[in-house]
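Comments concern the structure below.
The values are calculated or read from the model by the stated rules, or taken from the named source; none is laboratory data. Treat the numbers as computed from the prediction; the structure is a model and nothing was measured. With ideal geometry, Cβ positions are generated from the backbone for all residues, glycine too; neighbour counts draw on all protein chains shown. When the accessible area is computed, the model is the full protein with side chains, heavy atoms only, and any ligands, DNA or RNA have been set aside. Shrake-Rupley method; radii C 1.70, N 1.55, O 1.52, S 1.80 Å.
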Amino acid sequence: MKNYYELSMIDDFGSGIREYFYTNEATIRKLTYSRYKREKRKASVGDRDGDMHQNEPLFNWNKTTSTGYVIQHCGFTMKNIIEWKKLDLGLKRYKNSLYALDDVGHFMVVEHINVFASVKEGLKALRDHSSKAAQNVELAKEDEDGCKLRNGQVRHVVKDNRATEYLCPYHFWVKTSYEYEEWDLNATGFILHVKEVKYL
């Protein structure tokens, strides 16, 4: 029986790849193992002194759960977790797009929030999370050039005539230097990604 599944390869900062499939469990397990084998060839480390993964093997695969990890060095050493999960979206049929909401932090950290079956549900969650993150913060009304900022207004990113992402920013000033009274304009960092669903 076919269901919706997420296959992910996520590093220590929460960044990485999330792919979506409408398939069966046997196929998603094979796809996850295939991803693991491909990434295993890239396994490497930098200087292991002080590396938080220095006492772990470079790679590992659990046959029972069909999940694993690979440690890779790309400027610094990162552990990439490769796993799959079944999504409970309440859908009885195939649809070619899902909507994944992420909190893209200001310190290179990404936190995956949820996946939604409809753009309406996803946009509501995007607005709610962005608004909540901006509470108790004095919002900026203009940018550095004096242009009016549209706090709480949903914008979309278009690629090849299709919306690929939705943003709902709330802007605020953040002090970057106490010595020189320097401020930078920041915004809430939530992104709703439009994700293709592959039918297998």
- Does any residue of region 79-98 turn out to be hydrophobic (A, V, I, L, M, F, W, C), within 23 Å of the chain's Cα centre (by Cα) and more than 27 Å from ILE191 (Cβ to Cβ)? no
- Only one of these is among the hydroxyl-bearing types (Ser, Thr, Tyr) and in contact (Cβ under 8 Å) with a residue 24 or more places away in the chain: SER66, SER118. Name it. SER66
- Task: Tell me which residues, restricted to region 157-168, are within 20 Å of the chain's Cα centre (by Cα), more than 10 Å from VAL194 (Cβ to Cβ) and modelled with pLDDT under 95.
- Result: VAL158
- TYR22 vs. criteria open to solvent by less than 40 Å² (accessible area, probe 1.4 Å), touching a residue at least 60 places away in the same chain (Cβ under 8 Å) and in contact with a His (Cβ under 8 Å, 6 or more places away or on another chain): no
- Task: Would you point out the residue of region 86-118, among those that are open to solvent by 30 Å² or more (accessible area, probe 1.4 Å), in a strand (DSSP E or B) and out of contact with any helix residue (DSSP H, G or I) (no Cβ under 9 Å at 6 or more places or on another chain), that is nearest to GLU25 (Cα to Cα)?
- Result: HIS112
- Note on the structure: Restricting region 36-59 to residues that are at pLDDT 80 or above and within 23 Å of the chain's Cα centre (by Cα), the one surrounded by the most Cβ atoms within 10 Å (Cβ to Cβ) turns out to be TYR36
- Scanning region 1-40 for residues that are assigned to a loop (DSSP other than H, G, I, E, B) and within 19 Å of THR64 (Cα to Cα) gives ASN24
- Item | strands (runs of 3 or more DSSP E) completely within region 138-178 that count 1 or more residues being open to solvent by less than 40 Å² (accessible area, probe 1.4 Å) | 162-167, 171-177
- Filtering region 63-85 down to residues that are surrounded by 11 or more Cβ atoms within 10 Å (Cβ to Cβ), out of contact with any Asp or Glu (no Cβ under 6 Å at 6 or more places or on another chain) and at pLDDT 95 or above, which residue is nearest to GLY14 (Cα to Cα)? ILE81
